[in-house]
Amino acid sequence: MCGIVGYIGKREIKSRLIEGLRELEYRGYDSAGIAVMLDGRIESFKAVGKLSNLEEKTKDFATNGSGIGIGHTRWATHGKPTELNAHPHMGEYSYVVHNGIIENYREIKEMLEERGVTFLSQTDTEVIVHLFEIEAECRDDLFEAFKATIDQLDGAYAVLLITQKAPGTIFFARKGSPMIIGRSGSGEIFFASSDAPLIGEADEAAYMEDGTVGFVTSETLYTEPEPLSFVPLQGDKMTAQKGGFRFFMEKEIYEQYEVMSDTMIGRVLDEDIVFEEIDDEFVDGITRIKICACGTSYHAALTASYLFERLSKIPVNVEIASEFRYKEPLLTDDTLFIVISQSGETADTLEALRMAKEAGLKTLAVCNVDNSSIVRMADATILTRAGIEKGVASTKAFATQVMVLWMLSLYFAKRRRSMEREAIKDELRFMSYVPKVLQKSLEVHEKCKRLSKRYLHGHGFFFIGRDIFYPLALEGALKLKEISYLHAEGYPAGEMKHGPIALADAELFTIALMPKTLLYDKTKSNVEELSARDSTILSISPEMFDLADDFILTHPHKHPMLEFFEMMIVEQLLSMEIAVRLGNDVDMPRNLAKSVTVE
Ligand code: AGP
């Protein structure tokens with residue numbers, strides 16, 4: 001998501017802006033830019049991709065001396081991630097950065113075009129700077145012109161604007177998108193869309209209320225409708241990045257409902273699924289799918305195999321990338337080869353992708369990191385838009401991978417006419433409930449905290465489930481073992497009697513995923529078998545279950561995927577609380593790396 005920074009002061013302005021943007025990187029972005037005003041002249045730089053590209057572009061640009069600057073990382077919504085669409089956007093003599101969405105930008109744009117304004121970008125933001133310059137034409141007071149501009153905007157915004165007509169001044173406004181202003185003892189002023197860039201720089205900060213509009217220079221700070229109240233800024237850089245959560249993993253679990261909306265935005269419509277990244281030609285002639293991935297991404301792939309076969313009626317085969325590499329696989333060119341990777345750098349997955357490309361298959365990456373090696377190699381990529389994931393144990397990346405794959409299965413269902421239109425519409429309706437369901441599911445956190453104390457010993461955990469809840473069981477077991485170092489296995493519930501049940505006793509913990517919408521009675525029988533052998537049972541279900549020693553009650557839902565996402569959150573929170581009680585490093589568990597770039 002987009003990030004904003006601003007600076008007034010005497011220290012090197014470019015570095016202040018770029019360092020500030022770096023603190024906002026975790027929000028995810030696909031281009032970045034800055035505009036700096038020194039001696040009344042504004043210079044602006046933009047670059048697609050990482051901040052390092054912007055640094056490279058500005059390496060000969062010296063910004064010493066007293067001045068002002070604004071900066072932005074853009075996460076594309078209106079228009080592709082290109083340099084022209086990157087912020088700051090410029091008018092004749094002014095520059096603007098903006099977070100949020102201007103809902104009435106089309107009307108404003110039409111009005112401005114009728115007045116002869118030419119637009120350079122496809123963004124909603126650009127209207128702000130042109131509108132300001134039109135308003136400034138008929139007024140001497142530039143703050144009045146700025147207010148008149150802001151008054152005409154519908155939607156959500158955090159806006160910073162600088163203009164050559166008011167050297168040394170930053171105009172700002174906030175509605176629906178966060179913005180904080182900070183100041184240091186030496187008179188510097190900072191702006192940022194979260195407090196992370198201010199920590200260690202500013203001494204105090206004011207968290208602007210919606211509807212605030214104002215301007216600031218090195219001498220004056222003026223806001224309407226009320227003056228800002230500043231509070232001391234506390235904390236270190238690390239806690240700031242964690243946004244008040246104890247761990248990145250916790251923050252990332254809590255972010256899931258928001259990032260899922262990002263994953264869907266512009267793709268899930270009322271009656272259709274749209275992927276700008278692929279077209280009919282790309283999927284033409286495809287009669288089967290092969291998916292390759294590792295770890296958590298492999299679990300997303302396994303989940304997808306149920307969805308593709310059930311909804312799109314297309315045969316799917318899923319392989320662990322490290323196995324695929326050496327099995328001398330038979331590949332046919334009617335196969336779409338999908339790789340799934342959070343990091344986009346996993347060596348085994350990258351190699352599997354290379355093999356598929358060499359065999360002439362069409363390749364598609366489902367990935368969270370733009371410009372990563374996997375993204376660059378694949379024919380097409382669907383980005384999961386989870387934002388940067390810092391916890392080694394993947395959470396929000398998994399959620400968004402599954403979401404993209406569910407969307408993709410409906411995309412194929414439509415093209416292959418394997419589902420009625422009404423049935424697709426129903427699926428889309430349920431899909432749109434997911435963010436709300438995820439938000440509500442967090443209510444279970446306290447219960448997970450309490451229960452965790454009973455699950456710190458024993459000789460092992462079985463996570464069991466059927467259908468899509470089998471890969472979810474695998475994922476639950478992986479989460480637990482990664483951060484608690486306890487032995488855990490995921491199994492299809494029906495498979496226990498074929499061997500694993502031999503381990504059952506009171507010290508074996510069964511975590512039973514018992515959704516009501518899918519094979520409830522079948523799963524229940526399998527859990528009864530384990531209970532009869534004295535295994536300690538924790539059931540996760542919307543229905544109470546007599547034979548369970550513990551239970552976590554989930555909400556009743558009408559669609560298995562809604563139950564899936566709720567149970568996913570339960571597994572994540574439970575694993576995290578167990579690891580916390582065991583005193584483990586939740587974000588950086590022993591022996592593990594976030595990006596596995598070796599074979
Ligand atoms: C997930 O919690 C793990 N840390 C790990 O299994 C991970 O999913 C795997 O290494 C694959 O990574 P990727 O998605 O970046 O390719």
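Quick note: the coordinates plus some simple rules give every number you see, no bench work behind them. Quantities reported herein were computed from a predicted structural model and do not represent experimental measurements. Backbone-built Cβ (ideal geometry, glycine too); neighbour counts: all protein chains shown.
Results, tabulated for the structure shown:
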{"read-out": "Distance (nanometres) between label positions extended 7 Å along Cα→Cβ at R376 and S595", "value": "1.1"}
{"read-out": "Using θ = phi - 60° and Karplus 6.51 cos²θ - 1.76 cosθ + 1.60, couplings along the stretch 57-67 (whole Hz; Gly, Pro as x)", "value": "5, 9, 5, 9, 9, 8, 10, 7, x, 5, x"}
{"read-out": "Of K109/K436; K50/K80; K10/K59; K313/K362, pairs whose Cα-Cα distance is over 23 Å", "value": "K109/K436"}
{"read-out": "Calculated FRET value between Q164 and S229, using beta carbons and R₀ = 30 Å, to 0.05", "value": "0.40"}
{"read-out": "Gained length - K436 relative to E209, 0.36 nm times residue gap less alpha-carbon distance", "value": "79.2 nm"}
{"read-out": "Ordering of 3-14, 336-347, 206-217 by packing [mean C-beta count within 10 Å, highest first]", "value": "336-347, 3-14, 206-217"}
{"read-out": "Tilt relative to the chain, helix 520-532 - C-alpha long axis, 0 to 90 degrees, to 10", "value": "60"}
{"read-out": "Pair K59, S525: separation of 7 Å Cα→Cβ label points (nm)", "value": "6.8"}
{"read-out": "Amide proton proximity set for N371, modelled H, under 5 Å, gap of 5+", "value": "none"}
{"read-out": "Rg followed by Dmax, in Å, when the chain is reduced to its Cα trace", "value": "26.2, 84"}
{"read-out": "nm² value of the averaged projected area, convex hull over the Cα atoms of the stretch 242-432", "value": "10.2"}
{"read-out": "Ranked D587, D379, criterion: other C-beta atoms within 10 Å, fewest first", "value": "D379, D587"}
{"read-out": "Förster radius 30 Å - calculated FRET efficiency between R246 and D549 (Cβ-Cβ, nearest 0.05)", "value": "0.60"}
{"read-out": "Highest to lowest packing among 63-71, 47-55, scored as the average C-beta count within 10 Å", "value": "63-71, 47-55"}
{"read-out": "Least to most buried among W75, W406 (fewest other Cβ within 10 Å first)", "value": "W75, W406"}
{"read-out": "Highest-first arrangement of 561-573, 281-293, where packing means the average Cβ count within 10 Å", "value": "561-573, 281-293"}
{"read-out": "Angle between the chain longest axis and helix 126-137 axis [Cα atoms, degrees, rounded to 10]", "value": "20"}
{"read-out": "Karplus-derived HN-Hα couplings along the stretch 477-493 (A = 6.51, B = -1.76, C = 1.60, θ = phi - 60°), whole Hz, x at Gly and Pro", "value": "5, 5, 4, 5, 5, 4, 10, 9, 6, 8, 7, 9, 10, x, 9, x, 3"}
{"read-out": "Segment T517-E219, extension gain: residue separation times 0.36 nm, minus the distance between their alpha carbons", "value": "100.9 nm"}
{"read-out": "Whole-angstrom gap from the stretch 382-436 to the stretch 179-225, using each part's C-alpha centre", "value": "39"}
{"read-out": "E309 versus D534: modelled label distance in nm, points set 7 Å from Cα along the beta carbon direction", "value": "3.8"}
{"read-out": "For the stretch 45-135, Kirkwood radius (reciprocal of mean inverse C-alpha pair distance, Å)", "value": "14.3"}
{"read-out": "Burial ordering of K522, K57, K479, fewest other beta-carbon atoms within 10 Å first", "value": "K522, K57, K479"}
